[in-house]
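I have placed the structure first, in the form of structure tokens, so that the comments after it can refer back to it.
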Amino acid sequence: MSKNPSSLPLPMLPITRPSIDEETIAAVGDVLRSGWITSGPKVQAFEAALSEICGGRPVRAFNSGTATLEVALRLAGVGPGDEVISTPLTWVATANVILEVGATPVLVDIDPLTRNIDLEQLEAAITPRTRALLPVDLAGLPVDRDRLYAIAKRHRLRVVEDAAQSFGASWKGQAIGSIGDFVSFSFHANKNLTTGEGGALVLPADIDLGLCERRRLQGVKRAADGTMDVDVLGGKFNLTDLAAAVGLGQLRHLQEFTERRRALARRYFAAIEPALGLTLPPADFSNCNWHMFQPLLPAGSDRGAFIAAMKEEGIGIGVHYPPLHLFSLYRGLGFRAGQFPQAENVGARTVTLPLFPAMSDGDVDRVCTALSRTLKI
Ligand SMILES: *Cc1c(COP(=O)(O)O)cnc(C)c1O
């Protein structure tokens, strides 16, 4: 029975939904009519706009945030025999790319407060074989850049920031991407800024942009006389002008998206009943872009039953992420349960609540009312 029989059931509230305006849809139509729909002028304009956000640093657009990570590792000189240190609590792409370039993923546990990689344990895990650090800004909360780069400098290591979730976030007033070594963004449909599928890589000053471009597209080097050569193995990682037109349209709203997400997160903090026993994420409203809002259920809760009950209330709930070291592929490499207790604890209890710019304040209240009904005994 409906709990409020006088009203029609509300539509399902998803965990996220992209906001695409009519101007952007029209711009995609223009690209389709232009006769040039793969990488071209729109990609160049998108790269220039991204570079402006990243303090003028060089940026190259890719067709995914996985491709940017893989190419960044290759440009950083990472390959067989090298170790790359990362976190088990992330989307599996982060670790898959380490395997893809033939290197060894070395995982260390998370800091239970930030849920990002524990920098003390990271430094302790460095060996003579360590070549690069691959930290992740989970839910858009930046890893402490001061401590991270102090460690990288001390041990002369390259850093590939997996900033897939932190586009629009900042570190002490500086936009993520405007500082640091390699910075990798994703523009997947669920990210704060989307091109459907896509990504961008911010490059450090010592990296040859031509090599980056060849790694992006089949290693091809074109000469002015129309001939070509291939001197390095490249992937098929270029972004289309169709996608870039979406990205350019999205960029006009970046600040508004981030501000709206912060306002919605603030409302969650105010409206979630403390008596429910949820563990809330760190209340950071200056650095974090609130890519996700993720409370932890009380220890021992039946998360599957919770998700099903919220679905009955018309509320979508996500799980980001099951710790990746427990996936079969990684168990096969020797990882095992119990190895990263903090990541395993968060991974077992985390739930992602709906949060996207088009949500209303009333939607947040609706989620919170459903939480109270679902979690109260
Ligand atoms: C989304 C994501 C990626 C991969 O990005 P794609 O564009 O989907 O390839 C990598 N790392 C993290 C943390 C992500 O959230």
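The values are calculated or read from the model by the stated rules, or taken from the named source; none is laboratory data. Not measured: the values here are computed from a predicted model. Using ideal geometry, Cβ is built from the backbone for each residue, glycine included, and neighbour counts are taken over all protein chains shown. Just the protein is used for accessible areas: all its heavy atoms, side chains included, with ligands, DNA and RNA removed. Shrake-Rupley method; radii C 1.70, N 1.55, O 1.52, S 1.80 Å.
Couple of notes before you dig in:
- Of the residues Ile176, Ile85, Ile207, the one that moves most in a GNM of the chain with alpha-carbon contacts below 10 Å is Ile207.
- Cleavage-rule hits, chymotrypsin sites (Phe, Trp or Tyr not before Pro), region 211-305, DSSP coil, Cβ neighbours within 10 Å at most 16: Phe285
- The residues of the chain expose, per residue, 44 Å² of accessible area to a 1.4 Å probe.
- Its Cα centre serving as origin, the chain has a Cβ charge dipole (Lys and Arg +1, Asp and Glu -1) of approximately 360 debye.
- Counted charge near Ala245, where neighbours are those whose Cβ lies closer than 9 Å (Asp, Glu -1; Lys, Arg +1): -1
- Largest accessible area first, the listed residues Leu355, Leu217 line up as Leu217, Leu355 when surface is computed with a 1.4 Å probe on the assembled protein chains.
- In Hz, Karplus ³J(HN,Hα) per residue of region 239-256 (6.51, -1.76, 1.60; θ = phi - 60°; x = Gly, Pro): 7, 8, 5, 4, 5, 5, 5, 5, x, 5, x, 5, 4, 4, 10, 3, 4, 5
- Pairwise Lys count, the chain - Cα closer than 26 Å, eight or more residues apart or different chains: 11
- Cα-based shape type of region 136-225, given that a ≥ b ≥ c are square roots of the gyration tensor eigenvalues and the cut on a/c is 1.5: oblate
- Accessible surface ranking that places the most exposed of Leu113, Leu297 first, with a 1.4 angstrom probe: Leu113, Leu297
- Top of Val351, Val220, Val143 by mean-square fluctuation, Gaussian network on the chain, Cα under 10 Å: Val220
- Taken one residue at a time, the phi angles of region 155-171 give Karplus couplings (6.51, -1.76, 1.60, θ = phi - 60°) of 10, 6, 10, 7, 10, 10, 6, 7, 9, 3, 9, 10, 5, x, 7, 8, 10 Hz. Gly and Pro are set to x.
- Each other residue within a Cβ distance under 13 Å of Val43 adds +1 if Lys or Arg and -1 if Asp or Glu, for a net charge of 0.
- Computed with a 1.4 Å probe over protein heavy atoms only, the accessible area of Cys288 comes to about 10 Å².
- Within the accessible area of the chain (1.4 Å probe), percent carbon and sulfur: 55
- Antiparallel DSSP beta bridges within region 22-251, percent to nearest 5: 50
- Evaluated over the Cα positions of the chain, the convex hull gives a direction-averaged projected area, one quarter of its surface, of 20.8 nm².
- Accessible surface, 1.4 Å probe, highest first, among residues Leu251, Leu89: Leu251, Leu89
- Per-selection Kirkwood Rh - region 254-374 (Cα, Å, 1 d.p.): 15.6
- Cα gyration tensor category, rounded, prolate or oblate, for region 314-377 with a/c compared to 1.5: prolate
- Taking trypsin sites (Lys or Arg not before Pro) as exposed when DSSP calls them loop and at most 14 other C-beta atoms lie within 10 angstrom, the chain has its longest site-free stretch at 4-128.
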